[in-house]
Amino acid sequence: MAAAAADRSESVRDDLRRFLRGATHETRLSQQELTHTALKLLRSLPAARQAGLEYLSTVLGECTAQFVTQLEEGDTPEGAAAAAGGEDDLVAEIGATLSSLLEAAPAGWVPLISAWALELLGRLSARYAARAHVPHSAGLNDSVQLWLCCPATRALVTVTVQCVRRDTDVCIKPLLETSATYTPHFDWVVAHIGSCFPGTIIERVLAVGLREFCAQKPTDAGELSGQLNSVVSILGHLADRNSSEICEALKALFQESVGPPESPGAPPSTSATTGGGSSSEETRLATVPFLLHLASLSPMLLITLSTEIAKTVTAQQLAVVAEQLPSWIPRHFGTTESLLSLAVHLVLGPSTRSMAREMQLGCERGAITLLQLLLRAADHGESVGRAAEHLLERVLSELQRLVFDCQPGSAPDVPLLTALPDALPQLAAHLSADDQRARRCVQLLATAATARGPSAAAHTLSRLLERPELRLATPLRMLRALESNFPTVFVEAFRHASAESAAPERVLRSVVRLLRWERRQQAGAWLQTPLAGAVSECAPLLAERLTELGTADAAIEALALLELPDSLAGSRQLSLADSVVGYLFYCLRRGDRPAAMLRRTRLAQQLLARLAGQPVCLPAVLRALLHAALQPHLAPLLGASEGRPPPGPASRSLLEENRLHWRIVTVPQAHTTVFHAGVIGEGRRPDAAPPVLPPAAARLNCELVVETVSRCLAAARSPDDAARTLALLLVEFISPDVMFNGLPWPEEEFMKVTMERDLKMRRFFDDHPLSWCLLELVARRPPAICYCSVLLRALAATLIQHWSSTQESLASKCSSQLEVTERLLYVMALGRLLPPPLTLIPEMLASLTSHEVYLLLTDVWAYMRDTVPTPAAFTLDANGVTSRSFPPLESRFTTNLLLVLQNNVAKLGHLFPQVRAAIANDQARNGIPVGLERDMAIMRERERERERDREGREGM
C-alpha cells in the first residue's frame, strides 16, 4: 500500500509540474491536455483547487468569447453554439467532472464550486452584456434563452443548480451577493435558478429588494435604485410558471408589515435578518412603500397585489397602514404629492395597449379591486375614511382630466376606465348607499361612459335600470350626468335594455319608479329632458312587452304613466291597441284576486280610453275589444257557452271496441287490433273543456269589458259617432252575412225568408251574454241603436215564431224566452225606438198568456214596420241632448195593449193609468181628441170579432 501511495503522489507531482509548465508556456501543451490535467489536480490535490478553477474559468471564458464573436458576425445563437465544435466537448467534460465532485462530496465541494461558478457567471454576463445581440434593453426571457445556448454558461448554470439543490442555504448568500455586484446583467442567472427553486429564490429576492429599498437615501418616487428593477425583472420572468408562489410571498410580506410589531425576545423575521443595518421596525414600515414601488414598475406585480391582496385587506390592516403613513414621507416618498400621484397611477392602472389580452383583463380586474378597496376604506374610521375620500377625489379628477383632454372619438388607455362599465355587479353595494360613496361611483361610471361614447353611455344606464333594488337617486344622478353630453341617452338606454337585457321586467320596474317620481316631483329644474316624454318615444317597445307574461304588468304601468306623443304613427297606435286589449283579457284569464285584477284592468281601461281619444284609433280599439271578447277561447271568461265543447259521448273501453271486431277474418301478417285517438263513428275525441268560471266571476268580467267599452266611447271626441261605430261592429260580428241588413222592418210574412239567419243571430245572443250588454250600451246613446235594426228584427222574429207556436198557455212557464222578450223590448224602449205607451209592455209580460205576448209583439213589429228606425228621426238640441219626436200613434197599435190590460186588470191595473195617460198625451200632442169610451167600444168590438174568427177556425 505504501508503494501505491508513493506512486499516486509521484503521479500528482508529475501532473502539477506539467500543469505549471503548460500554464506558464514553458512546455507546449494543448488546451485539452491542460484542461484534463487541471481536472485531475482538482480531484487529487486540494492545494491546487483554486489554480485549477482559475484555469477552468479561462477555458470557459474563451468558449463564451467565441460564442459572442459568432453572434457579432450575424450567426444565430444555435449556429454559434454549433460552431464551438471541440470546445463543446471540452465544456461537457468540465461539467461532468464538477458534477461528479458534487455528488461524491457535496459538503466540501458545494461552497467552493458555487461561489466560483456564480462569480464567473457574473463576470461573463457583465463583460459581454454590451456586445452584439446581448443589449441591456433585451427582455429577461430573451437573455435567459440566449445565455443557455452558450455551452459554457449553460454548464455553469447547470452546476450552480446542482449546488443549490444539495445545499440551498450555503448557495443563497453568494447568489445574492453576486446579484448585487453584477446587477442587472446577472438577473438572468437568478431568474433561471428561481424557476428551479421558486419558493426560496422569490422570498430571498424580495428580501434583498426590501433591504436595498430601506438602505437608499430619501428620494422621490421616480428615482429608484437599479436593484428594484432587477427584482421586478426576476419576478416577471418567474411569473409565468410561479405566479402562485409570488402571490404567497407578497402576501406574507404584506401581512408581516401590517401585523403587530415583534416583541424584543422574539426571533427575527426573514426580512429583518436580511436587512443588514436596518432594524426590524424600519423594515416593517418600509414594506408597504416597497410594494407600491414594485407595483408601479411591473403590471404583473400590480395585478397580483390588487387582485389577490387588496381584496383581503381588513379594517384593522387599513388602520395600521394609516398609522404608518406619516413615516413614509420624506423617507420613501419625497412629498405627499408624490405618494398621491403614485397611488392614483396604481388605481387607474398602467397602459395596456401593447399587452396581451389576458394581461389587459388582469389590469382591469385589479383596477376595479383597488377601487372597491378605496370605497370600503371610505366607510371606516376618520383617518382612513378621510384619506380614502381624498384619494377617490383625486382619482376622479385625474380620470375626468384624461377623458376631456382626449381627442373626440377616442378614449384614453386607462384600465379603470375600460373596466368600469362592466363592474356594476361589484359596485352595486356601494351604489345602493346614500352617501358620498354612491355619488363617487356614479361620477366614475358617468365619466367612463362619456369617454366611450353614446352607446357605452346607454349601456351603462341600462345596466343601472336592470337593478331596481338600487336607490332611486342612483339612476337619476347617472341620467343627469349623461344627458348634458347625450340628450337621448335615456331613450337609447331603454331601447338597449328592452332588446338585450336578460331581465326586462326589472328594467320596466325601474322605469315605472322613475316615472312615478317625476309625476310626484317637479323634475323640470332637475332634468333637462322629461322622462315621460323620453319613454313615450319607446311606446312601441312597451307594446311588445305587453305580449310577454313576465313583463306585461310592468309595461302596462309604464304606459299608463306616459303621455302618448301626437307623432305616434297610426300603425303604432293600432299595434298598441291590440296589445293593451290582449293584456286586458290576460288579466281576466289568469285568475288573480279581484283587487289585483281590478287594479290592472283599470290601467288597461285608462290606456284604451286615451287611445280611443284619437279618431284614427277609435275603430281599432272597439274592433279589438269585440274581436277578443267574442273569440271562442276567450268568450267563456264572459259567461259565453260557445267556447266550451259540447259534452261528448261516454268514454268507451278500447278493449270493448276491439271485441266488436272479433268476427273479422284474420289475415296473415295483418293487424287485428285497433289503436286510435277517438271513438269509432264519433270522430276525434273532443278537447278537454276549459274550467267553467263561477257565474259571479263571469259577471264581473263582463262588467269590466262593458265598462272598458263605455270609457272608450266617453273618451271619443264624438261619443255619438263612437256609439254608431260600435253598433256597426256589432252587426258585423253577429250578422252572418250582409244580406237584409237594412234598417226597415219588412212584413211579418218575410220572416219565413230570413228565419235561418235570424235563428243564427238569436243563438249568438244566447251564447254570448256580453252581446246583450253591448246592445244596451248602444241603446243608451241614440240614434246609434238604429244601426242595430237587423239584430233587433232577428230577435223579434224568433220570439214571434216561438210565442205563436208554443204549447204553454202561460208566458211565465217559458222563462228563458220571456227573459229575452223583456230584454229586447227594454233595449228598444231605451233606444227610443218605441213610443211611451209601448215602452210599458216589458212590465206586463210576466203576467200574460203566451197568446197575449204574441199579440203585443205583432203590434210592436207592425209599429216598427210602419215607423222606420232611422237616425234622421232624432234631433240634437243646443245642449247636445238627443231627442225624438214620434209621429201620431194610431189606435191599431194600442188596441191589443188596452185589451190585455182589461183582461188582466187584477194584476196589471196599476199600469192602466200610465198607459191611458201616455195615449192621451200622444193624442193631445198631435191634436186627435178621441174619448176613452169610444176607444173602449172599438176595442171590445175588435175583441168580439177575433173571438168569432177563432171559434170559426175551431169548428172547421
So Leu402 clears everything in (1) modelled with pLDDT of 80 or more; (2) within 22 Å of Thr307 (Cα to Cα) except one condition, right? Which one? (2)
Has region 180-187 got at least one residue that is in a helix (DSSP H, G or I), crowded, with 21+ Cβ neighbours inside 10 Å and at pLDDT 75 or above? yes
Mind telling me which of the residues Thr335, Thr352, Thr314, Thr418 ends up being on the phi < 0 side of the Ramachandran plot, without any contact (Cβ under 8 Å) to a residue 24 or more places away in the chain and β-branched (Val, Ile, Thr)? Thr314
Do we find that Pro77 is farther than 20 Å from Ser233 by Cα and at pLDDT 75 or above in this structure? no
Can you name the residue in region 133-175 that is more than 22 Å from Leu53 (Cα to Cα) and open to solvent by 40 Å² or more (accessible area, probe 1.4 Å) and, of all such residues, is modelled with the highest pLDDT? Gln145
Considering region 553-607, residues that are in a helix (DSSP H, G or I) and among the polar types (S, T, N, Q), and then whichever is nearest to Arg699 (Cα to Cα), we arrive at Thr601
For Leu824, only one of the following conditions fails: (1) open to solvent by 60 Å² or more (accessible area, probe 1.4 Å); (2) within 29 Å of Pro783 (Cβ to Cβ). What is its number? (1)
Within region 626-643, considering residues that are in contact with a helix residue (DSSP H, G or I) (Cβ under 7 Å, 6 or more places away or on another chain) and outside any helix (DSSP H, G or I), the one nearest to Ile734 (Cα to Cα): Leu630
Which of the residues that make up region 280-337 are at pLDDT 80 or above and among the basic types (Lys, Arg)? Arg284
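Take the residues of region 864-891 that are of a type in the set (Gly, Ala, Ser) and open to solvent by 70 Å² or more (accessible area, probe 1.4 Å): which is farthest from Pro836 (Cα to Cα)?
Taking region 864-891 as the starting set, the residues that turn out to be of a type in the set (Gly, Ala, Ser) are 872-873, 878, 880, 883, 885, 891.
Cutting the leftovers down to open to solvent by 70 Å² or more (accessible area, probe 1.4 Å) gives us 872, 878, 885.
Details: Ala872: 19, Ala878: 24, Ser885: 11 Å.
Among those that are of a type in the set (Gly, Ala, Ser) and open to solvent by 70 Å² or more (accessible area, probe 1.4 Å), it is Ala878.
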When you scan region 734-748, do you find a residue that is modelled with pLDDT under 90 and outside any loop (DSSP other than H, G, I, E, B), even just one? yes
Qualifying residue in region 580-603 (condition: without any contact (Cβ under 8 Å) to a residue 40 or more places away in the chain and acidic (Asp, Glu)): yes
Could you go through region 422-430 and let me know if any residue there is open to solvent by less than 10 Å² (accessible area, probe 1.4 Å), in a helix (DSSP H, G or I) and among the hydrophobic types (A, V, I, L, M, F, W, C). yes
Set Arg599, Arg623: member being open to solvent by 10 Å² or more (accessible area, probe 1.4 Å) and touching a helix residue (DSSP H, G or I) at 6+ places or on another chain (Cβ under 7 Å): Arg623
Could you please find all residues in region 349-407 being more than 28 Å from the chain's Cα centre (by Cα), crowded, with 21+ Cβ neighbours inside 10 Å and of a type outside the set (A, V, I, L, M, F, W, C)? Gly349, Pro350
Specify the residue that is surrounded by the fewest Cβ atoms within 10 Å (Cβ to Cβ); the eligible residues are those in region 835-848 that are among the aliphatic types (A, V, I, L, M) and under 13 Å from Ala811 (Cα atoms). Ala846
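Where in region 273-348 are there helices (runs of 4 or more DSSP H), lying wholly inside it, with at least 1 residues that are open to solvent by 40 Å² or more (accessible area, probe 1.4 Å), among the hydrophobic types (A, V, I, L, M, F, W, C) and within 27 Å of Met359 (Cβ to Cβ)?
The qualifying helices (runs of 4 or more DSSP H) are 280-297.
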Search region 813-830 for residues that are more than 19 Å from Arg865 (Cα to Cα) and pair each with any residue that is charged (D, E, K, R) and open to solvent by 60 Å² or more (accessible area, probe 1.4 Å) when their beta-carbon atoms are under 6 Å apart and the residues are at least 6 apart or on different chains. Cys814/Glu808
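Residue-wise test of (1) of a type outside the set (S, T, N, Q); (2) modelled with pLDDT under 80; (3) within 29 Å of Phe404 (Cβ to Cβ).
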{"position": "Leu470", "(1), (2), (3)": "yes, yes, yes"}
{"position": "Phe486", "(1), (2), (3)": "yes, no, yes"}
{"position": "Glu492", "(1), (2), (3)": "yes, no, yes"}
{"position": "Arg495", "(1), (2), (3)": "yes, yes, yes"}
{"position": "Pro504", "(1), (2), (3)": "yes, yes, no"}
{"position": "Arg520", "(1), (2), (3)": "yes, yes, no"}
{"position": "Gly524", "(1), (2), (3)": "yes, yes, yes"}
{"position": "Gln528", "(1), (2), (3)": "no, yes, yes"}
Can you tell me which condition Leu461 does not meet? The list is (1) under 19 Å from the mean Cα position of the chain (by Cα); (2) of a type outside the set (Ser, Thr, Tyr); (3) open to solvent by less than 10 Å² (accessible area, probe 1.4 Å); (4) within 19 Å of Leu375 (Cβ to Cβ), and all the others hold. (4)
Only unsatisfied item for Thr725, checking (1) open to solvent by 10 Å² or more (accessible area, probe 1.4 Å); (2) within 30 Å of His851 (Cα to Cα); (3) modelled with pLDDT of 90 or more, is (2)
Looking at His802, His851, which is the one that is surrounded by fewer than 18 Cβ atoms within 10 Å (Cβ to Cβ), modelled with pLDDT of 90 or more and within 25 Å of Asn903 (Cβ to Cβ)? His851
Go through region 735-765 residue by residue and tally those that are open to solvent by 50 Å² or more (accessible area, probe 1.4 Å) and in contact (Cβ under 8 Å) with a residue 24 or more places away in the chain. 7
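Matching residues to (1) modelled with pLDDT under 80; (2) more than 37 Å from the chain's Cα centre (by Cα); (3) surrounded by 12 or more Cβ atoms within 10 Å (Cβ to Cβ); (4) not basic (Lys, Arg):
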| position | (1), (2), (3), (4) |
| --- | --- |
| Arg589 | no, no, yes, no |
| Ala595 | no, no, no, yes |
| Leu634 | no, no, yes, yes |
| Arg663 | yes, yes, no, no |
| Val667 | yes, yes, no, yes |
| Asp687 | yes, yes, no, yes |
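The values are calculated or read from the model by the stated rules, or taken from the named source; none is laboratory data. No experiment lies behind these values; they were computed from the predicted model shown. Glycine gets a Cβ as well: all are built from the backbone with ideal geometry, and neighbour counts include every protein chain shown. For accessibility, only protein heavy atoms count, side chains too; no ligands or nucleic acids. Shrake-Rupley method; radii C 1.70, N 1.55, O 1.52, S 1.80 Å.
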